[in-house]
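See below for the structure under consideration.
The values are calculated or read from the model by the stated rules, or taken from the named source; none is laboratory data. In this text, all values refer to a predicted model and were calculated from it rather than measured experimentally. In this analysis, Cβ positions are derived from the backbone assuming ideal geometry, glycine residues included, and neighbour counts consider all displayed protein chains. The protein model used for the area step is the full one, side chains on, heavy atoms only, and it has no ligands, DNA or RNA in it. Shrake-Rupley method; radii C 1.70, N 1.55, O 1.52, S 1.80 Å.
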Amino acid sequence: MAPLPKYKISKAAQGKHRSHLAIKAPGLSTCPKCGEKKLPHRVCPNCGTYKGEQVIAIKAKKAKK
Ligand SMILES: [Zn+2]
(Lines give C-alpha, C1' and ligand atoms only; values in the text may rest on other atoms or scores of the structure.)
Protein backbone atom coordinates (compact mmCIF):
# COMPACT_ATOMS: atom_id res chain seq x y z
CA MET A 1 0.00 0.00 0.00
CA ALA A 2 1.35 3.39 -0.96
CA PRO A 3 2.11 5.94 1.75
CA LEU A 4 -0.77 8.28 2.38
CA PRO A 5 -0.96 11.77 3.90
CA LYS A 6 -1.59 11.67 7.62
CA TYR A 7 -4.00 14.59 7.68
CA LYS A 8 -6.64 15.91 5.36
CA ILE A 9 -5.59 19.16 3.65
CA SER A 10 -8.20 21.81 4.35
CA LYS A 11 -9.72 23.66 1.45
CA ALA A 12 -7.99 26.84 2.64
CA ALA A 13 -4.56 25.18 2.59
CA GLN A 14 -5.33 23.62 -0.76
CA GLY A 15 -6.29 27.02 -2.16
CA LYS A 16 -3.09 28.59 -0.84
CA HIS A 17 -1.08 25.85 -2.49
CA ARG A 18 -2.87 26.40 -5.78
CA SER A 19 -2.54 30.16 -5.67
CA HIS A 20 0.72 29.87 -7.60
CA LEU A 21 -0.53 27.50 -10.26
CA ALA A 22 -2.28 29.91 -12.61
CA ILE A 23 -1.00 30.24 -16.18
CA LYS A 24 0.33 33.68 -17.05
CA ALA A 25 0.12 35.32 -20.41
CA PRO A 26 3.41 35.14 -22.36
CA GLY A 27 5.50 38.26 -22.70
CA LEU A 28 5.14 39.97 -26.04
CA SER A 29 7.58 42.11 -27.94
CA THR A 30 7.05 44.08 -31.13
CA CYS A 31 8.70 43.18 -34.41
CA PRO A 32 10.95 46.07 -35.50
CA LYS A 33 10.24 45.39 -39.16
CA CYS A 34 6.51 44.88 -39.44
CA GLY A 35 5.41 46.07 -36.02
CA GLU A 36 3.48 42.90 -35.33
CA LYS A 37 3.41 41.45 -31.80
CA LYS A 38 5.69 38.46 -31.47
CA LEU A 39 7.28 36.27 -28.82
CA PRO A 40 10.66 37.61 -27.67
CA HIS A 41 13.80 35.81 -28.94
CA ARG A 42 11.86 34.16 -31.73
CA VAL A 43 11.57 34.68 -35.44
CA CYS A 44 8.66 36.92 -36.32
CA PRO A 45 5.91 34.68 -37.72
CA ASN A 46 4.50 37.56 -39.74
CA CYS A 47 7.52 38.66 -41.81
CA GLY A 48 10.05 35.90 -41.02
CA THR A 49 12.85 38.16 -39.78
CA TYR A 50 15.04 38.01 -36.70
CA LYS A 51 17.35 40.88 -35.70
CA GLY A 52 16.63 42.52 -39.04
CA GLU A 53 17.68 39.47 -41.06
CA GLN A 54 15.36 37.43 -43.26
CA VAL A 55 15.53 34.00 -41.66
CA ILE A 56 12.55 32.12 -43.05
CA ALA A 57 10.67 32.73 -46.27
CA ILE A 58 7.08 33.86 -45.96
CA LYS A 59 5.21 32.61 -48.97
CA ALA A 60 2.03 34.64 -48.96
CA LYS A 61 0.76 37.42 -46.73
CA LYS A 62 -2.42 36.61 -44.81
CA ALA A 63 -2.80 33.20 -46.46
CA LYS A 64 -3.89 31.64 -43.19
CA LYS A 65 -7.10 30.07 -44.55
ZN1 LIG B 1 7.78 41.02 -38.42
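For the reader, a short list of remarks on this structure follows.
- Sequence-ordered 3J(HN,Hα) estimates for the stretch 41-58 from the Karplus curve with 6.51, -1.76 and 1.60 and θ = phi - 60° stand at 6, 9, 5, 5, x, 7, 10, x, 10, 9, 6, x, 9, 6, 9, 10, 7, 9 Hz, glycine and proline given as x.
- Equivalent ellipsoid semi-axes, the chain, via Cα gyration tensor eigenvalues times 5, rooted, Å: 47, 14, 12
- Surface share of carbon and sulfur [accessible, 1.4 angstrom probe, percent] for the chain: 59 percent
- Cβ-placed point charges (K, R +1; D, E -1), dipole of the chain about Cα centre in debye, nearest 20: 300 debye
- Take the chain with all the other protein chains still there, run a 1.4 Å probe, and you get 102 Å² of accessible area per residue.
- Computed [θ] at 222 nm, helices only, for the chain once each DSSP H run of length n ≥ 4 contributes -39500 (n - 2.57): -3500 deg cm²/dmol
- Amide hydrogen neighbours beyond the local backbone of residue 38, cut-off 5 Å, H modeled: 29, 30, 31
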